[in-house]
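Structure record follows, encoded as structure tokens.
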Amino acid sequence: MIDQSTPLPNVAVVGLGKIGLPLAAIFANNGYKVFGADINKDVVTSINQGESHVKNEPGLDHLVLNAHKNKTLSATTATSEAVAQSNIIVVIVPVLVDEQNNIDYKIIDRAVQDIAKGVKKGSLIIFETTLPPGDTKNKFGEKIEDISGLTMGEDFYLAYSPERVYSNQIIQDLQNYSKVVGGVNKKSLELASNFYKKALDCKLIEVSSLETAEFSKVAECVYRDVNIALANELAQFAEDKSVNMSEVITASNSQPFSHLHSPGIGVGGHCIPIYPYFFINKGLDQGLTSLSRKVNDNMSNYAISKIKKRIGSLQNKNILILGLSYRENVKETTKSTALLLIDQLKDNRANLFVNDPLFSDSEIAKYGANPLSLNDSFISEIDVVILQAFHQEYSHLDFHKFASCKLVLDGRNKLNKKEISQLGIQYEGIGN
């Protein structure tokens, strides 16, 4: 329990998205008064009404409502004002890559400018946004110095502690994962560590520098990307040798030093397909890191080639993609393999349909696909089904309805091959 006999410093959380809002809500329920800042007016309005705009995040609705009732959480679009009222500023706004995979700093640049205009002497600024090594100090620390006239490490303190959570279990992860913390100097590290001990009551891993903390987060994502690429490469080779890759993984991983990931139709989301470019674009442009990106992004091509090998031309075939989201049970399309499949199926002049229970018909249509309910009678006219994201709604899918279906491509190796095959439908997995 936190000792609240001494008032805790005010906290500004800049960026109230799927990670920023849980952080703000937890801080606000642990004795801190939190001023949230976000450029989205609808997000600000919902939070100020005690409602979470982030869905499917267990426990978050309660935390937001409770903080609202206790008047410990408020939100504003005026970042500088939120910062000016606070002693600790936590920055968690997105840094992504553009279509050419160049790092896109536009959103965070704007946020840092606003932070620099509001920061006061003695404040602690902590970046949680995933960044290329060196950016916290050399890009953003120096920008704050230039605009504010304050000196980092003396007039304001600077730390970095990467978010390391997984959608649908963020609050649980914040409790269970160790918090990696680095500071621009000893005082910055001490202040940040003390804050997280009180605010999150979690274990800490204090590292020697900002750059080490930054590097650790990107390295985590590169590891997973490389491991998945290895699994995808082995899965394709296993198919050539008529070997079941799922059995291989179970057998191989019984050895305690083997940690093969699962193969799949592609890798999506805000992390794994994006953050390797934070190394690639800073000089690590040769070797496994860049090669893995190519292997994983090519899995959609591989999937389409498997379909064409089975049924021939896709022109005028009715093809249904299950899952617009990048992964199961999350409403998020960033770098989703579904988008790559949509483009390729259009190039092959297929009749393209998408089902995703987390998205409305109009939301699906924006991606250039025809939305199709699983209760629609047209299901019986579908020629090919591609499982892209295994939402829980697909766990009991009735393939009897797909009377004309010739092939099911199970891009996540989650469907029942035996049941599908007994209906006279060809089944294809990845490595199976």
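Could you tell me which chymotrypsin sites (Phe, Trp or Tyr not before Pro) in segment 239-311 are loop residues by DSSP with no more than 16 other beta carbons within 10 angstrom of their beta carbon? Within segment 239-311, the qualifying chymotrypsin sites (Phe, Trp or Tyr not before Pro) (loop, at most 16 other Cβ atoms within 10 Å) are Phe257. 3J(HN,Hα) couplings calculated from phi for segment 293-304 with the Karplus curve 6.51 cos²θ - 1.76 cosθ + 1.60 (θ = phi - 60°) are, in sequence order, 4, 5, 4, 6, 6, 7, 5, 5, 4, 4, 4, 5 Hz; Gly and Pro show x.
Of the trypsin sites (Lys or Arg not before Pro) found in segment 71-167, those that fall in a DSSP loop while having at most 11 other beta-carbon atoms within 10 Å are Lys71, Lys121.
Going by alpha carbons, how many degrees (0 to 90, nearest 10) lie between the helix axis of 60-69 and the longest principal axis of the chain? Long axis of 60-69 versus the principal axis of the chain: about 30 degrees. Centre-to-centre, using Cα atoms only, segment 93-119 and segment 378-432 are separated by 41 Å. Taking amide hydrogens as placed 1.01 Å from N in the peptide plane, the amide H of Lys179 sits under 5 Å from those of Lys203, Leu204, Ile205, each at least 5 positions away in sequence or on another chain.
Could you check what % of the DSSP bridge pairs in segment 11-208 are antiparallel, to the nearest 5?
15
Can you put Glu332, Glu428, Glu99, Glu214 in order, fewest other beta carbons within 10 Å first?
Going from least to most buried by this count: Glu99, Glu332, Glu428, Glu214.
Annotation: the antiparallel percentage among DSSP beta bridges lying fully within the chain is about 10.
Net length available on complete extension from Gln169 to Lys406 is 81.6 nm, with 0.36 nm assigned per residue and the Cα-Cα distance removed. In the structure shown, the pairs Lys137/Lys203; Lys137/Lys197; Lys121/Lys282; Lys18/Lys346; Lys331/Lys414 are assessed against 29 Å; a Cα-Cα span above that value is assigned to Lys121/Lys282; Lys18/Lys346.
We did not get these values from a lab; they are worked out from the coordinates using the rules stated. As the structure is a prediction and not an experimental result, all values here were calculated from the model. FYI the Cβ positions are ideal-geometry reconstructions off the backbone, even for glycines, and counts take in every protein chain you see.
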